[in-house]
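Bear in mind that the values in this text are calculations on the coordinates, not laboratory data. Just so it is clear, the model here is predicted, and its values are computed rather than measured. Positions of Cβ are generated from backbone atoms using ideal geometry, with glycine treated the same way; all protein chains shown enter the neighbour counts.
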Amino acid sequence: MRIALFTETFLPKIDGIVTRLMRTLEQLEALGHEVLVYAPHRPPERYGSHKVVRVPALSFKPWYPELFLGLPRPRLGRELDRFEPDIVHVVNPVVLGLWGTLMAKQRNLPLLASYHTDITQYARHLRLPFLVEPSRAFLQNVHNQAHVNLCTSVPMVNSARGLGIKRVRLWPKAVDTDLFQPSRATAAMREKLTGGNPQDRLVLYVGRLSFEKRIDWLYAPVTQLQGVRLALVGSGPAEVELRRRFAGTNTVFTGYMSGTELASAYASADVFAFPSDTETLGFGAMESMASGVPVVGARAGGLPDVIEDGSNGLMFTPGDLGDLTEKLETLLFDQAARSRMGAQGRDDMLKHGWRAATESLVEQYEKAIQIQRRFDPPSRY
């Protein structure tokens, strides 16, 4: 199968969406499929055997300087025509994805869209309330052009349907359980993450340091619980303010990590904290669980689809810092509960491999092709 994939975010940026795309592209290659990737700014020219088309872009300043909005050019259509795709897949369609949608409709091509970010929530967090309703209408209109829409968690399937998006199906969650596993823990990494105090209890956060991730909520537990250290892995637009906020506390900022270094960080922690209430899935939580480290996460977004409260982790009420502190304290100071939930999390993640998730995606591609052939009239273009 030949797949044209339009994404608003890709390498060198690293986030949950990019992680999913990388693993999916690897699996699609292994399954014998060919992908033409359209990505903004300066992505690599190839990812594995797949060609990547670089699209000029503008930085989304001042809110997200590391996020780039692709500026479509006529040559994108020429590239698409030469590639002759069997299907077009638009990821989080906004600008570049909208262009991909229009090109698919013009050419009467099967179209699949995947919904990874609730931009109406981000509009609220960015204090742009006047964009909430236009964002809602935009999401509904663009996604309803697709023959199939995919979401990565059951709560997000429900959210998409609540926005009026039709033909919504589940793209199963997945995690690399070979990379992320308990055996990656090392004394050296724990020494680094605890600032030279490995005997203390260690809470880990991995992800973008941005305001909507609610990292500032972790100030309460790290200052109220004795003998507890916090390590923040990642970078982002809120880093300067967070460094100022956590100055003088038992907090270490490590910057970005990836690969085996990141896997070692996960496995070397005691508990993973995921305070964000805007996650559509929560790769960080899944990677931590695969590493045998239980998660304390917000009861919001897609996290309830990952964390089974009391079984493989604990959930807290968003905004209730007392509840967050109590749940972290429970796992940090109850080794038996921590070990039990960590082991259960590992067992749960072993059921969610990338091959099965990608085979499910291919089935949805085939479904979109069938729908397009059955119901769409011949193109006028």
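In table form, for the structure just shown:
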{"item": "Farthest positive-ward along the chain dipole, Cα basis, beta-carbon charges - from T317, A265, L58", "result": "L58"}
{"item": "Rounded to 10°, Cα long-axis angle of helix 16-30 versus longest principal axis of the chain", "result": "60 degrees"}
{"item": "Label point distance in nm, E363-S183, each placed 7 Å from Cα along Cα→Cβ", "result": "3.1 nm"}
{"item": "Zone residues, the range 94-136, relative to R161, backbone N less than 19 Å from point 7 Å out along Cα-to-Cβ", "result": "113-118"}
{"item": "Cβ-defined net charge surrounding T330, 13 Å radius [Lys, Arg +1; Asp, Glu -1]", "result": "-2"}
{"item": "Spin-label model distance (nm) - R245 vs R355, 7 Å beyond Cα toward Cβ", "result": "4.3 nm"}
{"item": "Shape of the range 182-349, Cα gyration tensor, a/c cut at 1.5", "result": "rounded"}
{"item": "Kirkwood-Stokes translational diffusion coefficient of the range 306-345, alpha-carbon pairs, 37 °C, 0.692 mPa s, µm²/s", "result": "318 µm²/s"}
{"item": "0 to 90° range, to nearest 10: angle between helix 354-375 axis and the chain longest Cα axis", "result": "30 degrees"}
{"item": "Volume in Å³ per residue [convex hull over Cα atoms, computed for the range 124-254]", "result": "152 Å³"}
{"item": "Choice from R23, R201, R127 showing the highest fluctuation, given a GNM over the chain with Cα pairs closer than 10 Å", "result": "R127"}
{"item": "Nonlocal amide H pairs with L5, under 5 Å, H built at 1.01 Å", "result": "L36, V37, Y38, H89"}
{"item": "Karplus (6.51, -1.76, 1.60) ³J(HN,Hα), θ = phi - 60°, over the range 332-349, in Hz, Gly and Pro reported as x", "result": "5, 10, 10, 5, 4, 5, 4, 5, 5, 5, x, 5, 5, x, 4, 4, 5, 6"}
{"item": "The chain: most fluctuating residue of L303, L31, L331 per GNM, C-alpha cutoff 10 Å", "result": "L31"}
{"item": "Using θ = phi - 60° and Karplus 6.51 cos²θ - 1.76 cosθ + 1.60, couplings along the range 95-102 (whole Hz; Gly, Pro as x)", "result": "9, 5, x, 5, 5, x, 4, 5"}
{"item": "Within the chain, helix-based [θ] at 222 nm, where runs of 4 or more DSSP H residues each add -39,500 (n - 2.57), nearest 500", "result": "-12000 deg cm²/dmol"}
{"item": "For Cα extents along the principal axes in Å, calculated from these coordinates, the label among [x] 77, 49, 33; [y] 79, 52, 41; [z] 69, 42, 37", "result": "[z]"}
{"item": "Amide H partners (placed H, <5 Å) of V252, local residues excluded", "result": "L230, A231, L232"}
{"item": "Lysine pairs within the chain, Cα separation less than 20 Å, 8 or more sequence positions apart or different chains", "result": "10"}
{"item": "The range 1-64 versus the range 303-341: alpha-carbon centroid distance in Å", "result": "34 Å"}
{"item": "Size of electric dipole in the chain: Cβ of Lys, Arg +1 and of Asp, Glu -1, about Cα centre, debye, nearest 20", "result": "1180 debye"}
{"item": "Using θ = phi - 60° and Karplus 6.51 cos²θ - 1.76 cosθ + 1.60, couplings along the range 186-202 (whole Hz; Gly, Pro as x)", "result": "9, 5, 5, 5, 5, 4, 5, 5, 9, x, x, 10, x, 6, 6, 7, 10"}
